[in-house]
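Everything on this sheet refers to the single structure shown next.
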């Protein structure tokens, strides 16, 4: 059965997940916004947990610079809550989703993310 959790508590979980990133990783996140939304956009699967919207750092040759819009990591609250039974499950799933999307920021593809256990 899906768990209920306030938006504030869910946002806190996302912040905690970001705080758990190793210092070397978090220090390299540049010009990226982490945004919590209730649901994925209509053009995405309704059970999508997160989404990286941007240009991976491995593809940024000559890209960006001053005034460039930030990349976005979107975390979708409703689908995550729908697959969780306890607050601990939510924390675990948020951590997995944040790490998964941060990996995309660094140019790691879906197959490799799954091989690393973050799929």
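The single condition among (1) farther than 16 Å from residue 96 by Cβ; (2) modelled with pLDDT under 90 that residue 33 does not meet is (2).
For segment 43-55, state whether one or more residues are more than 18 Å from residue 119 (Cα to Cα) and touching a strand residue (DSSP E or B) at 6+ places or on another chain (Cβ under 9 Å).
Checked segment 43-55: at least one residue is more than 18 Å from residue 119 (Cα to Cα) and touching a strand residue (DSSP E or B) at 6+ places or on another chain (Cβ under 9 Å).
The values are calculated or read from the model by the stated rules, or taken from the named source; none is laboratory data. This structure is a prediction, so every number in the text was calculated from the model and none was measured. Counting neighbours? That spans all protein chains shown, and the Cβs are built from the backbone with ideal geometry, glycine included.
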